Amino acid sequence: MEVLASSATASSCPHFIISNMYKNPNSASMATTPQLLQRKYAPVRIVEARAKAPLMYLKITSFKRLLNYVRYSKLKKKLRLKKYAGSLHKVISYSEKIGHHAFVRFVVALMVVMSVSVSVSESPSWALTEENLLFLEAWRMIDRAYVDKSFNGQSWFRYRENALRNEPMNTREETYMAIKKMLATLEDPFTRFLEPEKLKSLRSGTQGALTGVGLSIGYPTKFDGSPAGLLVISASPGGPANKAGILSGDVILAIDDTSTETMGVYDAAERLQGSEGSSVKLTVRSGPEIKHLDLMREKVSLNPVTSRLCAMPASGKDSLRIGYIKLTSFNQNASGAVKEAINTLRTNNVNAFVLDLRDNSGGLFPEGIEIAKIWLDKGVIVYICDSRGVRDIYDTDGSKAVAPSEPLAVLVNKGTASASEILAGALKDNKRAVLFGEPTFGKGKIQSVFELSDGSGLVVTVARYETPAHTDIDKVGVVPDHPLPTSFPKDEEAFCNCLQDPASACNKVELFAR
C-alpha cells in the first residue's frame, strides 16, 4: 500500500537488518570483539561504513542490560546525534576508558534504538485494524479516481497519515464518520459516501423503480436571487410531487419542518424517500407563493420513455407525421426503450421526431452515450477531461445508428441536467438536431459509483466533460437554438392536441424547417 505499507512493514526497512542474528561461519563463537578503527579524527560516516560488516555479526542478547549499563548512561549525556557530524576525538577518548568492546556494543545498541524510533515515527501504527483498512480503501479510491489531483489544495497523503493517527476508528460507525469527514475536505457536493443500504437504494433507482415522492433536486444558483433551499430540477410524471403541482424551478424550503437552507441534496433525497404509504411534509416556494404540502410516498415507476404519433393537419404527401418521444431519465432501460419507441413509430410512417428532454435530470452516463449513437451516423459525442485537459473521447462510427437522418427537434429546459445535457450537446454540435427551450441546468461533472469491501460505497466525481464543440457547460448549461413559449405543452397527449390547433403555441414554433 504505497508509502504506508513499506513503512509499516519491518522487513522493508533497512535499519531493521542490524538487529537480525547472523552467525559467522568462520567463527566458533560470537565473543570476538570487532576491531575498532584506529583513526581518531575520521568522520562518523567512515567509521559507520567500516564498522557495518563486523557489526552484523554481533549477537545482542540483552538490550535492556546494555541500556542500563552505568558507564553508558554517562556517555549518553555527552553524545548527541546532532554532534556526530564533527570530530570523534571525544568519542574515542571515552571509548578508551570503557574499552573497545563496550564501545562497539554501545554503537550497536544506539543504532538499533535509532532505527526503531525512526520506523515508529514514520508509521502511524504497527498493525492496521480492519477499520483502518476500510478507511484506507476509501482513501485509495479517491486518490486514484478523483478528478482534482490537487484534492482541493491539500496533501492527500498527509491527510491519510493524520487521519490514521488522530481519527477514532474503533467501530464501523466511527470509520464511516472518518470517511465522510475526509470527503468533506474536498468541498464537492457530488462526491459522497453511501452506507450499504443507501448504495442499494441508489442502484434500485437506476434499475427502474424507487419509493418516494418522485423529485429530482439540486442546489439553486446564487446569482438569480433564489431563496435559500433546494431547487426542484424535475418531478417524475405521475408521481406524488407531480400530482401536487410541484414544478421545475420551485424551491424546497423545508422537509418535515427541517429547513433545507444548509441541507445537502443527498441528505434531502434520503428524507424524501421512505416506505410506501408513509407521508412527508414539504414547504415549497413556487414563484411568490409558499405552499405547505403533505405528500404520500409511493413506488414511482421509472419507465423512462413514453411516445406517441402526432400528425400535423396538412394535405398531400408533404404532411408531417411526428414521432414524439419523451425521455424522463437515463436508467439502465433507457437506450433500449428509445430504440423500441423509434421502431414502433416508424411502422406508422413517421417522417420527423421530437425528443423531449425537459425535466430530465440525467442518470447513467453510458446510457446517454448509447442514446446519442442511436441518432448520429458519425462524430464525437463528448470529451472527458481532467485538470490536465482531454483524457478520453467518446464518439461513434454510425454502426449503432437507428434514426440518423429524419428531421429531429430536441426540447430542453432548466430541468435538463447531467446525462441529458451530454445528449443535447452532442446532437446540437453535430448539427443533427435543432434545440428549443431554455438553457439547461449546467451539471458538467461526471460521477462514478464504487463499492467498498463491506458493501458501502463512494460516489466520486471522476471527470468533467466538454461538448463536441469543446464547450464546458458546468454552471452554464447548453444554450438552445430557439426559445419555446411558456405555454408549450409538456406531455405527449397535450403536445399532439396542440399540433391539431392552427392557432396554438405549437404551430407558432417552426420545429422543422421545410
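The values are calculated or read from the model by the stated rules, or taken from the named source; none is laboratory data. What you are looking at is a predicted structure, and each value in this text was computed from that prediction instead of being measured. Cβ coordinates were reconstructed from backbone atoms using ideal geometry, including for glycine residues, and neighbour counts include every protein chain displayed. Areas reflect the complete protein model, heavy atoms only, side chains present, ligands, DNA and RNA absent. Shrake-Rupley method; radii C 1.70, N 1.55, O 1.52, S 1.80 Å.
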Legend entry - Residue in the stretch 251-281 that is nearest to Thr306 (Cα to Cα), counting only those that are without any contact (Cβ under 8 Å) to a residue 40 or more places away in the chain and touching a helix residue (DSSP H, G or I) at 6+ places or on another chain (Cβ under 9 Å): Ile252
Inset, instruction - Check every one of the strands (runs of 3 or more DSSP E) wholly within the stretch 260-306 and list those with 3 or more residues that are surrounded by 18 or more Cβ atoms within 10 Å (Cβ to Cβ), among the hydrophobic types (A, V, I, L, M, F, W, C) and under 32 Å from the mean Cα position of the chain (by Cα). - result: 279-286
Inset, instruction - Have a look at Ala138, Ala178 and point out the one that is surrounded by 15 or more Cβ atoms within 10 Å (Cβ to Cβ), in contact (Cβ under 8 Å) with a residue 60 or more places away in the chain and within 21 Å of Glu451 (Cβ to Cβ). - result: Ala138
Legend entry - Residues being open to solvent by 40 Å² or more (accessible area, probe 1.4 Å) and without any contact (Cβ under 8 Å) to a residue 40 or more places away in the chain - total across the stretch 374-387: 2
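Got at least one residue in the stretch 319-335 being of a type in the set (S, T, N, Q), open to solvent by 50 Å² or more (accessible area, probe 1.4 Å), under 27 Å from Cys496 (Cβ atoms) and touching a Gly at 6+ places or on another chain (Cβ under 7 Å)?
So far as the stretch 319-335 goes, yes, one or more of its residues are of a type in the set (S, T, N, Q), open to solvent by 50 Å² or more (accessible area, probe 1.4 Å), under 27 Å from Cys496 (Cβ atoms) and touching a Gly at 6+ places or on another chain (Cβ under 7 Å).
How about the stretch 181-199: which of its residues are within 20 Å of Gln273 (Cβ to Cβ) and in contact (Cβ under 8 Å) with a residue 24 or more places away in the chain? Give the steps one after another, and end with the answer.
Pass one, the stretch 181-199, residues within 20 Å of Gln273 (Cβ to Cβ): 189-190, 192-199.
Residues satisfying the conditions are Pro189, Phe190, Arg192, Phe193, Leu194, Glu195, Pro196, Lys198, Leu199.
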Legend entry - So Val410, is it of a type in the set (A, V, I, L, M) and out of contact with any strand residue (DSSP E or B) (no Cβ under 8 Å at 6 or more places or on another chain): no
Legend entry - Any hit, the stretch 491-510, residues being modelled with pLDDT of 90 or more, out of contact with any strand residue (DSSP E or B) (no Cβ under 6 Å at 6 or more places or on another chain), open to solvent by 50 Å² or more (accessible area, probe 1.4 Å) and in a loop (DSSP other than H, G, I, E, B): no
Inset, instruction - Return a yes/no flag: does the stretch 457-467 have any residue that is loosely packed, with under 14 Cβ neighbours inside 10 Å and out of contact with any helix residue (DSSP H, G or I) (no Cβ under 7 Å at 6 or more places or on another chain). - result: no
Inset, instruction - Return yes or no: is Thr416 open to solvent by less than 10 Å² (accessible area, probe 1.4 Å) and assigned by the TED database to the domain that holds Arg358? - result: yes
Legend entry - Output for the stretch 347-373, where each listed residue is in a helix (DSSP H, G or I) and either β-branched (Val, Ile, Thr) or surrounded by fewer than 17 Cβ atoms within 10 Å (Cβ to Cβ) (or both): Pro366, Ile369, Ile371
